[in-house]
1. Going by what's in this entry, would residue 148 be described as hydrophobic (A, V, I, L, M, F, W, C) and either closer than 23 Å to residue 269 by Cβ or at pLDDT below 95 (or both)?
2. Between 256, 263, which is in a loop (DSSP other than H, G, I, E, B), in contact with a Leu (Cβ under 6 Å, 6 or more places away or on another chain) and surrounded by 20 or more Cβ atoms within 10 Å (Cβ to Cβ)?
3. Could you identify the single residue in 296, 281 that is β-branched (Val, Ile, Thr), open to solvent by less than 10 Å² (accessible area, probe 1.4 Å), without any contact (Cβ under 8 Å) to a residue 60 or more places away in the chain and assigned to a helix (DSSP H, G or I)?
4. Go through the range 64-78 and give me each residue that's open to solvent by 10 Å² or more (accessible area, probe 1.4 Å) and within 25 Å of residue 94 (Cα to Cα).
5. Can you tell me which residues in the range 343-368 are in contact with a helix residue (DSSP H, G or I) (Cβ under 9 Å, 6 or more places away or on another chain), assigned to a loop (DSSP other than H, G, I, E, B) and without any contact (Cβ under 8 Å) to a residue 40 or more places away in the chain?
6. Could you say which residue among 385, 421 is open to solvent by 20 Å² or more (accessible area, probe 1.4 Å) and either in contact with a Ser or Thr (Cβ under 7 Å, 6 or more places away or on another chain) or within 25 Å of residue 80 (Cβ to Cβ) (or both)?
7. For the range 415-442, enumerate the residues that are in contact with a helix residue (DSSP H, G or I) (Cβ under 7 Å, 6 or more places away or on another chain) and of a type in the set (Phe, Trp, Tyr).
8. For the range 134-143: of the residues being of a type outside the set (Ser, Thr, Tyr) and closer than 25 Å to residue 254 by Cβ, which is surrounded by the fewest Cβ atoms within 10 Å (Cβ to Cβ)?
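The values are calculated or read from the model by the stated rules, or taken from the named source; none is laboratory data. Just so it is clear, the model here is predicted, and its values are computed rather than measured. So basically every Cβ, Gly included, is an ideal-geometry build from the backbone, and we count neighbours across all protein chains shown. These area figures cover heavy atoms from the full protein model, side chains too; ligands, DNA and RNA do not enter into them. Shrake-Rupley method; radii C 1.70, N 1.55, O 1.52, S 1.80 Å.
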Amino acid sequence: MRYLSVMLLLAAVTAEPAAGQTDNRPALVVLLTVDQLRPDYFSRWDADLTGGLRRFYDQGAFYARGEQDHAITETAPGHSTLLTGRSPGSVGIVSNSLGVPDPDYPLLGVMGPGASPARFRGTTLYDWMVAADRNTRVLSVSRKDRGAILPIGRAKVPVFWYQSGSFTTSTWYRDSLPTWLQRWNERKGAERLAGMVWKLFLPEDRYAEPDDQPWERGGAPHQFPYQMPTDSAAMAEVVVAIPWADSLTIDVALEGVRALGLGSRGAPDLLSISLSSTDAVGHGWGPDSREIHDQVVRLDHWMGRFMDSLATLVPREKTLYILTSDHGVSSYPERGAANGRMGGRVSGDRVMQAAQDVLQARYGQQFDLGFDNGLIYGNVTALRAAGVDVDSMAAALAADLARETGVTRILTPRTLAAADASDREAGRWSRTIPADFEWLAAASVAPGYIWTYASNAIATHGTTTNDDVLVPIVFMGKGIAPARLVRARTVDIAPTVAALLRVQPLETVEGQVLKEVVPPR
């Protein structure tokens with residue numbers, strides 16, 4: 001019934017303007033995805049925001065409890081929801097490791113992991129726009145391959161990401177880089193940052209956070225100022241971990257808008273930018289650090305400059321902005337322990353390794369078992385062919401996972417299938433796991449606990465707790481009333497934008513058209 005209401009509302013608003021009627025659709029739709037942006041950053045550092053984030057907070061329809069409403073809250077699944085209107089289980093993007101990595105499609109001009117949207121299923125907003133107007137132009141840019149690829153889907157269009165000093169793409173998309181991007185790379189923007197110092201952007205008394213917490217960066221140097229390498233090649237690698245990667249990504253995006261003429265046709269085009277520095281700084285120093293405070297202030301500044309620069313190419317009143325994130329982040333559990341709160345690091349590797357050892361001893365193989373943010377998966381078809389009672393094995397894995405401190409809920413394929421429709425935790429897992437994906441057990445943890453691997457002493461995300469699930473969702477543009485709102489889901493973004501553009505989704509979507517942005521007629 002929810003899907004039907006979405007389609008009916010879209011049908012009411014997708015007709016083309018009558019003859020002689022002004023086309024009030026935007027010339028350019030801009031999706032700004034800030035990797036690991038928590039919604040509470042806006043209120044926490046309200047007084048320090050004066051640029052782009054400030055505009056979204058004051059001038060947009062601002063949903064403070066946006067949700068990435070699925071279980072494995074990572075970059076790839078999160079980005080897969082943004083312009084599809086569908087959850088990761090429908091799109092086929094389970095996790096980062098089961099997302100865009102693809103050795104069959106190497107990068108152009110640089111060494112690095114190949115990538116493609118080969119696992120991606122279905123369509124995106126871009127496909128819907130092209131179905132209505134085959135001349136639609138698009139550009140997607142990110143520091144990360146998954147951040148650039150997944151908002152656009154399978155289309156072989158201008159999609160670029162950063163690797164070792166250059167922005168590039170893979171052979172899925174093209175055989176050579178466009179001239180405008182080659183020229184940008186020749187300026188060696190990352191390498192020219194060699195020798196710089198990361199200092200505080202604001203006066204020190206504006207930062208309430210302590211600057212020397214022992215858990216930050218796993219004990220590596222964690223206090224301002226930070227001296228960058230003087231070697232240019234080293235700098236090209238280090239830049240991905242500091243705020244300046246955002247400024248490079250924004251600069252490439254602006255160059256691409258100019259070169260491709262986005263927003264200049266008199267009909268809607270699409271620009272997707274995913275900014276990754278907040279994620280890098282958040283992982284290293286945590287969401288309660290002085291470093292993340294400084295990163296958000298710099299992001300606000302650069303985003304404001306980007307919006308001002310874009311306005312010289314596409315009028316503000318013809319630009320529709322959407323700001324959101326792919327996931328939040330949990331605090332360092334060590335910080336919680338220092339402040340008397342429950343929490344800790346939970347490992348599923350022990351459980352998976354024990355199962356692998358048993359299978360190896362009994363059957364001479366391990367059946368491709370893997371563990372990823374609470375999910376144990378493997379070659380279930382081969383297990384059954386070998387005579388393994390898969391339901392019993394799944395139940396045993398669930399019982400073993402339950403012994404880990406911090407684990408609160410474990411599901412198996414059998415118990416997930418039997419779960420009530422009102423079961424929110426089961427719903428998040430069902431929206432994560434594709435119907436044809438082979439898995440054995442899925443576990444969730446309590447607030448304050450995070451999944452951990454080997455010795456990666458970082459702050460992270462990936463759980464179903466609010467710190468990881470909640471993201472801001474903001475719409476800003478002509479005709480959208482500024483408002484502080486409460487709940488929306490990231491799957492609502494695509495159908496809402498489609499309604500504004502008067503285009504039809506090419507398949508059933510899970511999201512709803514947000515009535516605060518597109519009032520029912």
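1. Working: hydrophobic (A, V, I, L, M, F, W, C): yes; either closer than 23 Å to residue 269 by Cβ or at pLDDT below 95 (or both): yes.
The answer is yes for residue 148.
2. Numbers: 256 fails: in a loop (DSSP other than H, G, I, E, B).
One residue alone meets the criteria, 263.
3. On the way: 296 fails: without any contact (Cβ under 8 Å) to a residue 60 or more places away in the chain.
That would be 281, the only listed residue that is β-branched (Val, Ile, Thr), open to solvent by less than 10 Å² (accessible area, probe 1.4 Å), without any contact (Cβ under 8 Å) to a residue 60 or more places away in the chain and assigned to a helix (DSSP H, G or I).
4. Filtering the range 64-78 down to residues open to solvent by 10 Å² or more (accessible area, probe 1.4 Å) leaves 64-65, 69, 74.
Selection gives 65, 69, 74.
5. Matches in the range 343-368: 365, 366, 367, 368.
6. Details: 385 fails: either in contact with a Ser or Thr (Cβ under 7 Å, 6 or more places away or on another chain) or within 25 Å of residue 80 (Cβ to Cβ) (or both).
After ruling out the rest, the residue left standing is 421.
7. Just the residues of the range 415-442 that are in contact with a helix residue (DSSP H, G or I) (Cβ under 7 Å, 6 or more places away or on another chain), to begin with: 416, 419, 426, 429-434, 438-442.
Result: 429, 439.
8. Of the residues in the range 134-143, the ones of a type outside the set (Ser, Thr, Tyr) are 134-135, 137-139, 141, 143.
Checking which are closer than 25 Å to residue 254 by Cβ leaves us with 135, 137-139, 141, 143.
Details: 135: 9, 137: 23, 138: 22, 139: 23, 141: 28, 143: 24.
Selected residue: 135.
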